[in-house]
Amino acid sequence: MQTVIQDRGCCRGTVRQCPRRRRRAFTLVELLVVIAIIGVLVALLLPAVQAAREAARRSQCSNNLKQIGLAFHNYHDTHQVFPPAFINVGPNWHWGWGAFILPYVEQGPLHDALAPGDNSQGVTQEEGPNAQPELQTRLGVYRCPSDVNARATNIHWTWNGEFGLSNYVINEAAVPWTPPPGTAFARAGAPASFSTISDGTSNTILIGERASRDHVAAQWHGRRGTTAMCGFRANYPPNTRCPTLSDCTGGACIRYPLSSEHPGGVQIVLFDGSVRFLSETIEALVFGNCDTGPDHTPWLTPSMQDVVYLKLYNPRDNMPVGDF
C-alpha cells in the first residue's frame, strides 16, 4: 500500500521520476477515413467554387456587352447613325465596328493612332494595316473572361500577321457594311440607325458572343476575306459546334453562329442596350444557305422566318418578339 502511494506521489512532482505515458497515434484506417472525408468535402465544394467563378466571369462579360451597347448609343448620338459593320478601304483590308467605337470605350488614343475611316490610310493590299503593334493590342472590353483562349491575338485568321482577338460579333442583318467611296455594291446597305430597326430596339440583337475554341472568335479591328471575322448570322442555333476547325476557317457557313463558354447559351446585347442571356435551346432553324438578301436578311420564306431566333436577328421582319 505504501509503494502505491509513493508511485502516485511521484506523478505529482516528487523527486522520483514517473514513467512516461505512451501517446496513442492514428491508425492507418483512421488516417484513410480522414482523407476520404476531406476528399468528399472538396468534391462537394469544388463545383460550387467553379460556379461562383463562372458567375463572376459571366458578370464581367455582361458588363463588356453593356459598355459596347452604350458605345453604340454614344456613337449614334454623335453621328446620327450606327457605325458600319465594316467599311472597305482597299481590296482586302476593311476597318470594322470595333475600331470605329474605340473612342467610346475609353480607347481614344488607339483610335487616333489607327485613324480608321473611309480611306486607305494605313492600309495596303499586301501588308495589311501598317500599325501592327496597335492592332495586336489586347482590349479587355472585347474579351470574354470565360473564353479558354489566353492569347492576346487571334491565331486562326492570320494574313501577314496576327491581330487582336475579340469575342464579340455584330448582327449582319441589322448593321450593313459600307462600300468604298465612289463605288456601289448591291449587298451594301444604307447606314443603320434607330429608325431602321423597325421591329424595335428591344426586339433586335446588336452584338453577340463567339468563343475562340470552336468558332475561332473574331478580330476587333475589322475583317479580311470573310465577314465572319466581325459579324454573325442566324443560320445555326447558338453554340452549334464546328465538326473540325477547318470547317470554321475554310468557308463553311457554320463558322458564323454565336457561341460562348457559358453553360447553356450565349450573352447578347440588344439595340436598346440591354444585355440578355440567349439559351442554346431557343427556337431556331438550321439552313445551309449562308447568303443574305438585298436587305441583309436570310433568304427564307416568311413561314421559315417565323421562329424566335430569326425574329431577333432580322430587324425588319415585322415580327417582334415578346419574352424569350
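The values are calculated or read from the model by the stated rules, or taken from the named source; none is laboratory data. Please read these numbers as outputs of a predicted model, since none were measured by experiment. Neighbour counts run over all protein chains shown; Cβ positions are idealised from the backbone, glycine included. When the accessible area is computed, the model is the full protein with side chains, heavy atoms only, and any ligands, DNA or RNA have been set aside. Shrake-Rupley method; radii C 1.70, N 1.55, O 1.52, S 1.80 Å.
Are there any pairs with C-beta distances below 6 angstrom linking a residue in the range 137-153 that is more than 18 Å from CYS230 (Cβ to Cβ) to a residue that is outside any loop (DSSP other than H, G, I, E, B) and open to solvent by 60 Å² or more (accessible area, probe 1.4 Å), with the two at least 6 apart or on different chains, and if so which? Close Cβ pairs satisfying both conditions: PRO145/ARG57; PRO145/GLN60; SER146/ARG57; VAL148/ARG213. Listed conditions (1) over 12 Å from VAL141 (Cα atoms); (2) modelled with pLDDT of 90 or more are all met by ILE101, apart from (1).
Taking the range 211-226 as the search range and keeping residues that are outside any strand (DSSP E or B) and open to solvent by 20 Å² or more (accessible area, probe 1.4 Å), which one is modelled with the lowest pLDDT?
Keep residues of the range 211-226 that are outside any strand (DSSP E or B), which gives 211-217, 220-221, 225-226.
Of the ones still in play, those that are also open to solvent by 20 Å² or more (accessible area, probe 1.4 Å) are 213-214, 225.
Details: ARG213: 74, ASP214: 68, GLY225: 71.
The residue in question is ASP214.
Kindly indicate whether LEU114 is out of contact with any Ser or Thr (no Cβ under 8 Å at 6 or more places or on another chain), at pLDDT 80 or above and open to solvent by less than 20 Å² (accessible area, probe 1.4 Å).
Details: out of contact with any Ser or Thr (no Cβ under 8 Å at 6 or more places or on another chain): yes; at pLDDT 80 or above: yes; open to solvent by less than 20 Å² (accessible area, probe 1.4 Å): yes.
Here the answer is yes, as LEU114 does meet what is asked.
Among LEU41, LEU46, which is the only one that is in a helix (DSSP H, G or I), within 30 Å of GLU209 (Cβ to Cβ) and modelled with pLDDT of 60 or more?
Values: LEU41 fails: within 30 Å of GLU209 (Cβ to Cβ).
Exactly one of LEU41, LEU46 is in a helix (DSSP H, G or I), within 30 Å of GLU209 (Cβ to Cβ) and modelled with pLDDT of 60 or more, namely LEU46.
Restricting THR124, THR137, THR201, THR183 to residues that are at pLDDT below 80, hydroxyl-bearing (Ser, Thr, Tyr) and surrounded by 13 or more Cβ atoms within 10 Å (Cβ to Cβ) narrows the list to THR124. Of all residues in the range 253-291, those that are part of a loop (DSSP other than H, G, I, E, B), modelled with pLDDT under 80 and within 23 Å of VAL175 (Cβ to Cβ) total 4. Could you please let me know if GLY208 is under 18 Å from PHE72 (Cβ atoms), modelled with pLDDT of 90 or more and among the small types (Gly, Ala, Ser)? Yes: the conditions hold for GLY208. Remark: pairs (first residue in the range 218-233, closer than 11 Å to CYS253 by Cα and in contact (Cβ under 8 Å) with a residue 40 or more places away in the chain; second residue crowded, with 24+ Cβ neighbours inside 10 Å and hydroxyl-bearing (Ser, Thr, Tyr); Cβ separation under 8 Å; 6+ apart in sequence or on different chains) = ARG233/TYR313.
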